[in-house]
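Trainee: Input: one structure, supplied below.
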Amino acid sequence: MTRNKYVVAFRIGFQSSLEYRFNFFLSLLSAVFPMIVQYYMWTAVYASAGENAVFGYSYREMIMYTILAAVVSKLVITNIEHSIAEDIKSGGLNKYIIQPIYYFGFRISSYIGQRLIYFTISLFIILALTYALNTFYNLHTEEERVIIFCLSLILSIVLSFLISYAICACAFWLSEISYFFVVTSLLVNIMSGGIFPLEIFGEGLQRLFRLMPFHYMIYFPVNILNGKISGELIWQGIIGQGVWIALLLLLCHFVWKWGMKRYLGLGG
């Protein structure tokens, strides 16, 4: 019976994704303009540098990274922060407290439902772009690398959800949280490699970013497909994603348990 409630949550999320599918396509379209800007920017940088590699990337690798990272960043972004914060502020959590349904289970079931069709479409776009770029540059991406990329992308989406869910708990302590979400979203996007490869920030910051889970969201899966990460580093990264998912599950549990002690349940 309890399990059926999570199936219903999945269906609600899936129906919601169909209802708002136009927003998703607009979101993908919005990624095209930064791609074009970065294409011309990196073309100028490589032309003026007069070197085959900049920040350890060949021109082909940098263009491929820029295009794939733009699409992957649109896929892993959760957009759940404001709805969860609204539940905390307006007393919307009350119904989950009095009913036999776990709020985390409801949210992740609904999120999977929302992302299922987007994941399928985005994956098709990413593979089509990879094929087009490989054809243009006369390269080949092994099938094994594509399969591992898909696995890494699924883990990235789970990781992104858990990071967002943990950040949402701040709404228990902050009275105004909208700007906090804007700042954290921007920082997470930068530290995950959604705008530039992490190598551009220098060795010091790159080492710091690698101690955090964010680079596993975009930088790692994109560089698997790009061919920059290979051999046992791929499997070390997959294990790293699994370890961070386990740690973030614990973090979400304790932060939300702590936050619920401050929950007033006004409204609802």
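Trainee: Return the pairs, sorted by first residue and then second, in which the second residue is polar (S, T, N, Q) and not in a helix (DSSP H, G or I), the first residue lies in the range 163-186 and is under 18 Å from Trp256 (Cα atoms), the beta carbons are less than 8 Å apart, and the residues are 6+ apart or on different chains.
Mentor: What qualifies is Ser164/Thr78.
Trainee: Let me ask something else. For the range 212-230, give me each residue that is open to solvent by 10 Å² or more (accessible area, probe 1.4 Å), among the hydrophobic types (A, V, I, L, M, F, W, C), touching a residue at least 24 places away in the same chain (Cβ under 8 Å) and more than 17 Å from Lys74 (Cα to Cα).
Mentor: none
Trainee: Among the residues of the range 231-264, which ones are open to solvent by less than 70 Å² (accessible area, probe 1.4 Å) and of a type in the set (Val, Ile, Thr)?
Mentor: Once the filter is applied, which keeps residues that are open to solvent by less than 70 Å² (accessible area, probe 1.4 Å) and of a type in the set (Val, Ile, Thr), the range 231-264 yields Ile234, Ile238, Ile245, Val255.
Trainee: Return the pair list, or none, for Cβ contacts closer than 9 Å from residues in the range 94-121 that are without any contact (Cβ under 8 Å) to a residue 40 or more places away in the chain to residues that are of a type in the set (S, T, N, Q) and loosely packed, with under 14 Cβ neighbours inside 10 Å, at least 6 apart or on different chains.
Mentor: Note: pairs meeting the criteria are Tyr102/Thr2.
Trainee: Failed condition for Glu142, given (1) among the charged types (D, E, K, R); (2) over 19 Å from Ile77 (Cβ atoms); (3) within 20 Å of the chain's Cα centre (by Cα), with all others met?
Mentor: (3)
Trainee: Let me ask you something else. Which count do you get for residues in the range 133-151 that are closer than 19 Å to Thr66 by Cβ and of a type in the set (A, V, I, L, M)?
Mentor: So the count comes out to 2.
Trainee: Let me ask something else about it. Just to check your reading of the model, which residue among Ile101, Ile84, Ile97, Ile108 is crowded, with 20+ Cβ neighbours inside 10 Å and either in contact with a Cys (Cβ under 6 Å, 6 or more places away or on another chain) or farther than 25 Å from Leu186 by Cβ (or both)? So that I can check it myself, show each step before the final result.
Mentor: Working: Ile101 fails: crowded, with 20+ Cβ neighbours inside 10 Å; Ile97 fails: crowded, with 20+ Cβ neighbours inside 10 Å; Ile108 fails: either in contact with a Cys (Cβ under 6 Å, 6 or more places away or on another chain) or farther than 25 Å from Leu186 by Cβ (or both).
So the residue among Ile101, Ile84, Ile97, Ile108 that is crowded, with 20+ Cβ neighbours inside 10 Å and either in contact with a Cys (Cβ under 6 Å, 6 or more places away or on another chain) or farther than 25 Å from Leu186 by Cβ (or both) is Ile84.
Trainee: Could you list, in sequence order, the residues of the range 204-228 that are out of contact with any Phe, Trp or Tyr (no Cβ under 7 Å at 6 or more places or on another chain), at pLDDT 90 or above and either in a loop (DSSP other than H, G, I, E, B) or β-branched (Val, Ile, Thr) (or both)?
Mentor: Correct list: Leu211, Met212, Met217, Ile218.
Trainee: Right, next: With the requirement that a residue be of a type in the set (D, E, K, R) and over 20 Å from Phe22 (Cβ atoms), what does the range 109-150 give you? Can you show your working first?
Mentor: As a first pass, look at the range 109-150 and keep what is of a type in the set (D, E, K, R): 115, 142-145.
The answer is Glu142, Glu143, Glu144, Arg145.
Trainee: Here is a follow-up. Which residue pairs have Cβ atoms under 8 Å apart, sit 6 or more places apart or on different chains, and have a first residue in the range 32-54 that is under 27 Å from Ile125 (Cα atoms) and in a helix (DSSP H, G or I) and a second that is polar (S, T, N, Q) and at pLDDT 90 or above?
Mentor: Going by the 8 Å Cβ cut-off, the qualifying pairs are Met35/Thr66; Gln38/Thr66; Tyr39/Thr66; Trp42/Thr66.
Trainee: Separate question: Scan the range 168-196 residue by residue and report those that are part of a helix (DSSP H, G or I) and under 14 Å from the mean Cα position of the chain (by Cα).
Mentor: Looking only at the range 168-196, we keep the residues that are part of a helix (DSSP H, G or I), and these are 168-172, 178-191.
Within the range 168-196, Thr184, Ser185, Leu186, Leu187, Val188, Asn189, Ile190, Met191 meet the criteria.
The values are calculated or read from the model by the stated rules, or taken from the named source; none is laboratory data. Everything numeric in this text was worked out from a predicted model, so none of it was measured. Neighbour counts run over all protein chains shown; Cβ positions are idealised from the backbone, glycine included. Side chains are part of the model used for accessible areas, which takes the heavy atoms of the whole protein and leaves out ligands, DNA and RNA. Shrake-Rupley method; radii C 1.70, N 1.55, O 1.52, S 1.80 Å.
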